[in-house]
1. Pick from B:Leu58, B:Leu119, B:Leu188 the residue whose mean-square fluctuation is largest in a GNM of chain B, springs joining Cα atoms under 10 Å.
2. For an R0 of 30 angstrom, estimate the FRET efficiency from the Cβ-Cβ distance between A:Ala58 and A:Arg30 and round to the nearest 0.05.
3. What is the Cα radius of gyration of segment B:175-221 over 2.2 N^0.38 Å, N being its residue count?
4. Which of the trypsin sites (Lys or Arg not before Pro) across segment B:94-162 are loop residues per DSSP, with 16 or fewer other Cβ within 10 Å?
5. Based on the Kirkwood radius over alpha-carbon pairs, what is the Stokes-Einstein translational diffusion coefficient of chain B at 25 °C with 0.890 mPa s viscosity, in µm²/s?
6. What are the chymotrypsin sites (Phe, Trp or Tyr not before Pro) within segment B:47-148 that DSSP puts in a loop, where the Cβ has at most 13 other Cβ atoms within 10 Å?
7. What's the whole-number percent of alpha carbon pairs in segment B:72-123 lying beyond 16 angstrom?
8. Within 10 Å of each Cβ of B:117-124, how many other protein chain Cβ atoms are there on average?
Amino acid sequence: MHYWLNLALQFFLSYISTVCFGILLHIPSRAYNVAGVIGGGSWVIYWVMYYQDGVGLAFSNLFAAILIALCSRWAAQHKKMPAIVFEVPALVPFVPGGQAYKMVRNFAIGNYYLVTVYFYQVVVIVGAITLGFGLGELLNRIIHYRRWKIVKKNR
Amino acid sequence: MLTKKRRRLALRTCSLAGRILIENGSNMERVNDTLHRMAHTAGLQDFQAFTTVTGIVLGANNMPNAMVMNIRRRKNDLSKVTAVNEISREMSQGLITLPEAYAQLKWVDRQGPYKYQNLVEALAAAVLSMALMIVFTGDYRDSWAGFIDGGISYAVFSYVIRKFKIQYLGEFCSSLVIGFLTVLMVKLGWAHSINDIIIGAVMPLVPGIPLTNAARDLVSGNLISGPTRGIEAILTAVSIGSAIVIVLHFA
């Protein structure tokens, strides 16, 4: 019971934070709900993978980034908006702000061993997200290959 | 056959659309795609576009001179990207003509801030800081401090950006404010953990658009824009981090 309550809370909070980042970036108001669901859902899946099931840091970030890219492309086609409107706000919970802060903090204190540890984590997360977006793009092209060919031919 | 005047208008429309898209944080593949689609609809043949983060060069056949558009600032306003996307789609479906598209693009470009924009943004940043602080650290007791810190620092950020128009200085100043307020609250005994509050309050300032665009541009093989956006993201992160280091030195 406690587990499901925590899960719902995580979804709710990341939904809110995604919508708020959308407001900061001025995304159109009819995209708020979809972007929030994409952000919240992918964060919940990441949370279950990383914190509960113990899948590694890199792989859970990679999976979440692929999920965001696929869902954003789908939402972009349905709502007739650029995919970036959903991708950037949904990515906010995954930005390694905490690790980057701890790196800077230990740097200020002079604890250089921990600086390298957190730097490694930041690099792994950013690399996994970049690779995940690339793989998501690749999957999108595989799914929409036939449509792409028609668009190219008509041009 | 197009008249010379109409061809010039078509190129001008394309360059305006490209400038709006790049200024407001679109990825380069979408910019190129939109420009080619618009030029094709307008009837330009053999259209060439060279787009970078700081400028566009456009040309078509039978035109002796290329058109250059300089891009000075970047604002990250995704509503304009969506509006240009809409105009381009309507134009390629034949719903609006070229002069109408140009007028609409000019209107989109002139759009200023809406009413109470700063207040709404500060509130959104405050809620964002509080929510992400709880998500990342599980710390409920200090969430009110994250709320206040995030709101005030974002208000400072938008004020500095609007007044002085220097990139990276806004992030630096607002991070200084975050650090100062947090240390003050903890020293006064109102809040408990400096780390948790700063982690939450810094989140509205993270370079989300440059990071995403760097990834997508690199993946699509754009070797000029991808690394440039990456450098933009790194510089923003460094300016936040250096301000935090300065404050923590005195904490």
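1. Maximum fluctuation in the GNM of chain B, among the listed residues, is at B:Leu188.
2. E between A:Ala58 and A:Arg30, to the nearest 0.05, is 0.30.
3. 1.70
4. On the way: sites: B:Lys106, B:Arg110, B:Lys115, B:Arg141, B:Arg162; in loops: B:Lys115, B:Arg141.
Answer in residue order: B:Lys115, B:Arg141.
5. Roughly 122 µm²/s, to the nearest whole number.
6. Details: sites: B:Phe47, B:Phe50, B:Tyr102, B:Trp107, B:Tyr114, B:Tyr116, B:Phe136, B:Tyr140, B:Trp144, B:Phe147; in loops: B:Phe47, B:Tyr114, B:Tyr116, B:Tyr140.
Taking segment B:47-148 and a limit of 13 other Cβ atoms within 10 Å, the loop chymotrypsin sites (Phe, Trp or Tyr not before Pro) found are B:Tyr114, B:Tyr116, B:Tyr140.
7. That fraction is 51 percent.
8. What the average comes to for B:117-124 is 3.
Each reported figure results from applying straightforward, stated rules to the coordinates on display, with no laboratory input. What you see is a predicted model; the values in this text were computed from it and never measured. Positions of Cβ are backbone-derived with ideal geometry, glycine not excepted, and every protein chain shown enters the neighbour counts.
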